[in-house]
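First comes the structure, then the notes that go with it.
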């Protein structure tokens, strides 16, 4: 119930009420909200007041308008810091998001030319190839392709990596977690989902994607792995900051 005698404007009270409904779970991510006319009846206010509240929430990234369909609760964005390197498991933990992993393939295969160049291998060397789907709050959000030198990481073939952190598994065998001693080269591109990618990510073909390539290198200069992540565009937000120049860039 709105308080018409409050110093808080009516449209802001509506915003706060919708935010509370989202926080409590009454409104779920992806759920379509009532129409503006319905909100006018619910709150007993003008359509202009409702529209101002909805517009503010859209501008904040809490709601999203879909032309010809209505207004929906926006998916919770997974915040990725491009300066601070960490794995998906740690990222989900920081964002208070439930993480799951489904393994599609773990195998030994001959190194490609790109593997040889990126992982400092020789012709005829092998790599460990891992293909997996990463989930956030039960929603598939990443198709991940990981390539590691076979000689150093052959033990991964004997591990059950389903719902396990790759870096935690490496630490268990080597005594060191790559998150703590490596640096990474990144390449971030935009793309559109192919029919196959749309099936894995449960999104329409042509939906926007981020494609993130990582070359992970130890503090001694030895390559650890390179990874290609195909990421559902509506679930991720990338932060890049430069403390010296006070520069902050958000990509979402």
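Bear in mind that the values in this text are calculations on the coordinates, not laboratory data. This structure is a prediction, so every number in the text was calculated from the model and none was measured. Every residue, glycine among them, receives a Cβ derived from its backbone with ideal geometry; neighbour counts consider all protein chains shown.
Quick note on the stretch 140-186: its Rg to Rh ratio, both from C-alpha atoms and Rh being the Kirkwood radius, is 0.96. So if R0 is 45 Å, what FRET efficiency would residue 158 and residue 35 give, r being the distance between their Cβ atoms, rounded to the nearest 0.05? With a Förster radius of 45 Å, E is 0.20. Estimated purely from DSSP H runs of n ≥ 4, each contributing -39500 (n - 2.57), the mean residue ellipticity at 222 nm for the chain is -7500 deg cm²/dmol once divided by its residues. As a proxy for reagent exposure, ranking 106, 211 by other Cβ atoms within 10 Å from fewest up yields 211, 106. D by Stokes-Einstein for the chain, Kirkwood Rh over Cα pairs, 10 °C, 1.306 mPa s: 76 µm²/s. Would you please state which residues of the stretch 211-237 a label at residue 181 would reach in this model, taking the label point 7 Å out along Cα→Cβ and a backbone N cut-off of under 18 Å? Under cut-off, by backbone N: 216-226. Note on residue 42/residue 174: beta-carbon distance plugged into 1/(1 + (r/R0)^6) with R0 of 51 Å gives a FRET efficiency of 0.30. Modelled spin labels at residue 86 and residue 26, positioned 7 Å past Cα toward Cβ, are 3.3 nm from each other.
With kT/(6 pi eta Rh) evaluated at 25 °C and eta = 0.890 mPa s, and Rh the Kirkwood radius from Cα pairs, the stretch 99-192 diffuses with a coefficient of 168 µm²/s according to Stokes-Einstein.
When the chain is treated as a GNM with alpha-carbon contacts under 10 Å, the residue of 174, 55, 220 showing the greatest mean-square fluctuation is 220.
With Cα atoms as the point set, the stretch 10-73 shows a radius of gyration and Dmax of 10.7, 28 Å.
Label-to-label distance for residue 191 and residue 19 is 3.7 nm, based on points extended 7 Å past Cα in the beta-carbon direction. Taking label points 7 Å from Cα along the Cα-to-Cβ direction, residue 131 and residue 8 give a separation of 5.1 nm.
Expressed as a whole number of Å, what is the distance separating the alpha-carbon centroids of the stretch 1-40 and the stretch 179-235? The two parts, judged by their Cα centres, are 36 Å apart.
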